[in-house]
Every structure is written in C-alpha cells, then in structure tokens.
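All remarks here apply to the structure that follows.
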Amino acid sequence: MTGTTTAYLASTGTALPGAPVDNGTLGKLLSVSEEWIDIFVGTRTRHFAWDLATGEVHQSLTDLCAEAGDLAIAGAGLDPSDIEFLVLATATPDTLLPTTAARVADRLGLNYLPAYQLQAGCSGAVQAIDLGRSLIAGGCGAGLVIGGDVTNRHLDLRRDLSRMPTEELVNYVLFGDGAGAAVLTAEPAGERVALRGVLNRFAGLGRPPGQIIDWYGITDRHTERQMISEDYKEIEESVPVMAVEILWDLLGLLDWGVGDLDFLLPPQLSTRMTQRIVEHLAVPGAREISCVSDTGNTGNALPFQQIERLLPELRVGQRALAIAVESSKWIKTGLALEKV
C-alpha cells in the first residue's frame with residue numbers, strides 16, 4: 001500500500017535486554033578478533049535475551065514487545081482501554097500459535113480488539129505502521145504497533161564454531177535482540193508527529209531471495225543446514241540502490257524535495273552497510289539518525305528505535321524520512337514524518 005492518509009505518531013517505547021555485549025566479549029566467545037568484527041559489520045555492541053554460554057533464554061520476544069508497548073501507551077498518556085488495535089511484526093515469533101501478538105495483547109491487558117501479526121523482516125515495522133494507518137483511516141481513534149526480533153532460535157554458541165563458514169558466523173556479530181513500539185492516533189496527540197506518507201512495495205518478482213531464515217520441524221530438527229543464510233554480495237549491491245529508489249518514490253509521492261528533509265533514518269543492516277547507504281542517498285542537508293552501532297541489527301525493532309532517537313530532536317515543521325529494505329524477497333518500505 002502506498003499513500004498519504006494522515007495518522008499521527010503520539011509516542012514510542014523500546015526495549016533492549018540485558019547489558020550490551022561488546023566486540024571484545026563476543027570475539028572471545030567466537031574465537032575471532034575485534035578487528036574481524038569491525039571489518040565485517042562495524043557494530044560496537046548488541047544485546048541478547050539469552051545466555052551466550054548456556055543458551056538459556058532470560059527474556060522472550062513477548063517480554064520485550066510487552067515492555068516496549070507498555071512504555072509507548074504510557075508515553076501517549078493513554079490507558080490500555082484506549083487502544084483499539086494491535087499490530088505486531090516479527091520474523092522470530094515465540095511460537096507459531098498462540099501468536100506473539102495475542103500473547104502481548106494479553107500481557108498488556110488488551111481485550112476485544114483486533115490483534116494482527118505480520119511475518120516480516122526489516123520491512124515489518126513499516127508494514128505494521130501502514131496497516132495501523134489504514135485502521136486509523138477506517139475509524140479507530142488509537143492503536144499500538146510493535147516490531148521486535150530475538151536470536152535465540154537461530155544462533156547457538158555451543159556449536160563447533162571452527163567448522164562454521166564465514167557467511168554464517170557473521171550473523172553472530174550482525175544481529176541483536178530488541179523490540180520497539182509506537183502509538184498511532186487519529187488526531188494529533190503526544191509527540192504530534194504526522195505520518196505524511198508510507199511506501200510498502202514488494203519488489204522481488206523473479207528474483208532469488210537475498211536472505212533466508214529457516215526453521216526446523218519435528219522431522220528435521222537434527223539436520224545441519226544453516227538457519228540463517230544471506231547473499232551478502234547481492235545485498236551489498238542491491239540495498240543501496242533500492243534505498244535511493246525509496247527516497248525518490250516517497251519524495252515524489254509527497255511533492256517534497258531533498259532540501260525539505262531535516263532528518264534521514266537510513267536502513268540499519270549494519271554500521272558498515274548504513275555508511276555505504278547514506279553515501280548513496282546523498283542527502284547532505286539532513287541529519288542522520290542511526291542506532292545499529294549500539295544495538296546491532298534488531299530487525300523489526302530498528303525503525304522504532306530510530307524514531308525514538310529522532311523525537312527529542314524533531315521540532316515543529318521539521319520533516320524526516322525513514323527507509324527500510326527487506327532483502328529476504330526484496331521489499332521496499334519507507335515513512336515520511338512531520339512534526340505538527
């Protein structure tokens with residue numbers, strides 16, 4: 001869906017589990033150097049909701065999403081009874097059923113409302129906002145949108161890492177755990193940020209996936225195939241180009257110019273990739289809002305984490321544009337925001 005139906009972002013909330021894990025700590029566990037991590041991804045720290053030594057899970061995705069959602073509702077000055085829908089995006093649900101969305105709704109005391117779950121990667125947060133905007137346009141007064149991902153099902157430091165290929169090992173330094181949320185309203189409230197436009201387009205017709213996140217069932221859980229695999233060369237070549245396309249598609253949709261942008265929220269695949277993408281976007285007058293160096297790639301949480309960093313800086317009349325590219329089957333998404 002693409003369009004300019006106006007909803008308003010009233011507040012955000014985010015959750016990161018535990019203490020940050022720096023490159024020195026992670027490098028020792030992986031038997032790789034800090035320099036190797038810096039060369040591949042450039043990220044300084046990330047957070048995990050599980051014990052790196054034992055694999056024990058300390059916080060579930062439900063825990064993180066409920067924490068972020070509770071903060072967002074409180075930040076908007078609303079009660080749970082004011083929330084008329086919940087949309088949650090994730091690539092890593094706690095269980096297939098019940099959905100994490102239903103578990104989070106229960107945890108937050110929400111009842112008798114639609115609770116949608118979107119299965120998506122980096123594009124999911126924008127897709128959740130897009131669906132929330134449609135529900136606002138359909139008559140809802142306020143709703144909660146959430147994005148989050150965790151890594152405990154896909155990363156296992158108890159494996160023989162010496163046999164792990166580099167393209168799989170890099171995922172252990174690329175990703176982190178986290179959740180983010182926002183309250184959308186039909187009228188300006190709280191932070192009073194207008195959602196001026198949303199871009200949400202599947203663009204992978206006939207293209208091989210750039211990323212695959214697999215899962216095991218009861219009959220194949222002992223196989224040795226990779227749980228996460230990427231075509232890094234294709235991602236490095238395609239994502240900066242797609243980001244530029246998203247930028248100009250959104251500007252054209254809104255009749256904005258590059259000079260109208262005060263802030264830019266670029267894709268957060270990794271620190272190195274973000275730097276490359278920003279160079280391609282070439283929006284020198286806009287201040288970059290990034291967080292991946294501190295959080296790692298938290299998937300669906302990232303746009304909310306960026307927006308939370310943006311809000312204290314955004315002044316009335318200023319504009320921001322956020323871009324997210326999902327390389328799994330090539331989805332282009334973006335948001336245009338303006339403080340009113």
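Observations on the model:
Condition check ((1) among the hydroxyl-bearing types (Ser, Thr, Tyr); (2) modelled with pLDDT under 95; (3) out of contact with any Gly (no Cβ under 8 Å at 6 or more places or on another chain); (4) surrounded by fewer than 24 Cβ atoms within 10 Å (Cβ to Cβ)) across all residues:
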{"site": "Thr14", "(1), (2), (3), (4)": "yes, no, no, no"}
{"site": "Trp36", "(1), (2), (3), (4)": "no, yes, no, yes"}
{"site": "Phe40", "(1), (2), (3), (4)": "no, yes, yes, yes"}
{"site": "Glu56", "(1), (2), (3), (4)": "no, yes, yes, yes"}
{"site": "Asp70", "(1), (2), (3), (4)": "no, no, no, yes"}
{"site": "Asp82", "(1), (2), (3), (4)": "no, no, no, yes"}
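- Among residues of the stretch 208-228, those that are under 11 Å from Lys329 (Cβ atoms) and loosely packed, with under 12 Cβ neighbours inside 10 Å, counted: 1
- The helices (runs of 4 or more DSSP H) located wholly in the stretch 108-182 that include 1 or more residues which are closer than 18 Å to Ala15 by Cβ occupy 124-137.
- Subset of the stretch 164-199 (residues that are on the phi < 0 side of the Ramachandran plot, surrounded by fewer than 20 Cβ atoms within 10 Å (Cβ to Cβ) and at pLDDT 95 or above): Ala186, Glu187, Pro188, Ala189, Ala194
- Qualifying residue in the stretch 207-228 (condition: small (Gly, Ala, Ser) and outside the structural domain of Ala105 (by TED's automatic domain parsing)): yes
Residue by residue, here is whether (1) farther than 24 Å from Leu131 by Cβ; (2) in contact with a Lys or Arg (Cβ under 6 Å, 6 or more places away or on another chain); (3) among the small types (Gly, Ala, Ser) holds:
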| site | (1), (2), (3) |
| --- | --- |
| Pro208 | yes, no, no |
| Ser229 | yes, no, yes |
| Glu245 | no, no, no |
| Gly259 | yes, no, yes |
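- Residue within the stretch 183-196 that is of a type outside the set (Val, Ile, Thr), free of Cβ contacts under 8 Å to residues at least 24 places away in the same chain, over 24 Å from Thr100 (Cα atoms) and out of contact with any helix residue (DSSP H, G or I) (no Cβ under 8 Å at 6 or more places or on another chain) present: no
- Filter pass, Gly138 being surrounded by fewer than 17 Cβ atoms within 10 Å (Cβ to Cβ) and over 22 Å from Tyr232 (Cβ atoms): yes
- Unique residue being touching a residue at least 12 places away in the same chain (Cβ under 8 Å) and either more than 16 Å from the chain's Cα centre (by Cα) or under 18 Å from Phe175 (Cα atoms) (or both) when the list is Ser81, Ser60, Ser33: Ser60
To keep it simple, each residue is scored yes or no on (1) of a type in the set (Ser, Thr, Tyr); (2) in contact (Cβ under 8 Å) with a residue 40 or more places away in the chain; (3) touching a helix residue (DSSP H, G or I) at 6+ places or on another chain (Cβ under 8 Å).
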position: Ala105; (1), (2), (3): no, no, no
position: Leu110; (1), (2), (3): no, no, yes
position: Leu118; (1), (2), (3): no, no, yes
position: Leu135; (1), (2), (3): no, yes, no
position: Cys140; (1), (2), (3): no, yes, no
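- Some residue of the stretch 245-259 being surrounded by 17 or more Cβ atoms within 10 Å (Cβ to Cβ) and modelled with pLDDT under 95: yes
Results for (1) touching a strand residue (DSSP E or B) at 6+ places or on another chain (Cβ under 8 Å); (2) part of a helix (DSSP H, G or I), shown as yes or no for each residue.
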site	(1), (2)
Trp215	no, no
Asp220	no, no
Thr223	no, no
Val239	yes, yes
Glu245	yes, yes
Asp249	yes, yes
Leu253	yes, yes
Trp256	yes, no
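The values are calculated or read from the model by the stated rules, or taken from the named source; none is laboratory data. Keep in mind that what you see is a predicted model, and the values were worked out from it rather than measured. In this analysis, Cβ positions are derived from the backbone assuming ideal geometry, glycine residues included, and neighbour counts consider all displayed protein chains.
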